[in-house]
Amino acid sequence: MRKILVANDDGINSEGIARLAELAKEFGEVWVVAPEKQFSAMSHSATFWGPVDIWPVDFPVEGVRAFATSGTPADCVSLGISVVVPGGPDEVFCGINKGYNISSDIQYSATVGAALESASRGIHTIAFSEHHEAPHDVTDKYISQIASELLDKPLAKNEIWNVNFPGCTVEECKGIKYDCVMSQDDFYAGSYVIVGRSGDRISYQTDFARKWEGSEGTDLAAITDNYVSVGKVSNYR
């Protein structure tokens, strides 16, 4: 039976990882390893200069063995592969992330960072993301179909499948767009604003807005046009 490791960056208690673990049960035995807290926008950061703790936790999906860690999402995948899953997993699922992983956001994403950690070990990996506030109807309709299609589709080493579900209703969703490339369009506009001062110390906070305009064939264009976006992401291209 296929062995599947599920990880995320939103934390062990997130709704998305429970939904993804439930999906993963359709395809094999499932282990979950996730951070004890929110680790979004940590990219591919990992712990090298100190210990990482790991412990079993109760999990809301029956039949799934689940563990929380003190480490980053990349640490979780590394521990899952090396320590938790006997003999290592055949497949890694990351997500379901609360918020898209498209365009330049991909470079910040710890969901994608965790997925690329798995890909660097030569393990077939899929990252799943959705709108951070929308209902899950589109995701629920298409995720099993897409996972089934992608499980046996080959990937190069250091390459992952990246799937994003639009924030619209099922009726508004136009379907699935495959082979979407990562948008190179300018995705952010803005700068920083001062939010506090203490002597010579100044506190700044980001004040950026996203620009929802993507070139044809990109993940950004697919999402803004209410398509599910499916494409490949690589560490090196």
**OP:** Might you check whether a residue that is part of a strand (DSSP E or B), modelled with pLDDT of 95 or more and not aromatic (Phe, Trp, Tyr) occurs anywhere in segment 78-85?
**Re:** no
**OP:** Could you figure out which of (1) modelled with pLDDT under 95; (2) within 23 Å of Asp152 (Cβ to Cβ) isn't true of Val64?
**Re:** (1)
Subject >> Residue tally, condition closer than 26 Å to Arg2 by Cα, assigned to a strand (DSSP E or B) and more than 8 Å from the chain's Cα centre (by Cα), over segment 94-125 >> reply: 2
Subject >> Any chance Val83 is aliphatic (A, V, I, L, M), touching a residue at least 24 places away in the same chain (Cβ under 8 Å), surrounded by fewer than 20 Cβ atoms within 10 Å (Cβ to Cβ) and farther than 25 Å from Asp140 by Cα >> reply: yes
**OP:** Could you tell me whether any residue of segment 42-53 is surrounded by fewer than 17 Cβ atoms within 10 Å (Cβ to Cβ), under 13 Å from the mean Cα position of the chain (by Cα), over 24 Å from Asp90 (Cα atoms) and in contact (Cβ under 8 Å) with a residue 40 or more places away in the chain?
**Re:** no
Subject >> Pairs with Cβ under 7 Å, 6+ apart, first in segment 125-144 and crowded, with 18+ Cβ neighbours inside 10 Å, second in a helix (DSSP H, G or I) and of a type in the set (Ser, Thr, Tyr) >> reply: Thr125/Ser118; Ala127/Thr111; Ser129/Thr111; Glu130/Thr139
Subject >> Which listed residue, of Val61, Val138, is hydrophobic (A, V, I, L, M, F, W, C), over 25 Å from Thr224 (Cα atoms) and not in a strand (DSSP E or B) >> reply: Val61
Original post:
In segment 5-31, which residue that is part of a loop (DSSP other than H, G, I, E, B) and of a type in the set (D, E, K, R) is surrounded by the fewest Cβ atoms within 10 Å (Cβ to Cβ)?
Top reply: Glu26
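The values are calculated or read from the model by the stated rules, or taken from the named source; none is laboratory data. In this text the structure is predicted, and so the values were computed from the model without any measurement. Quick reminder, even Gly has a Cβ in these numbers, built from the backbone with ideal geometry, and neighbours come from all protein chains shown.
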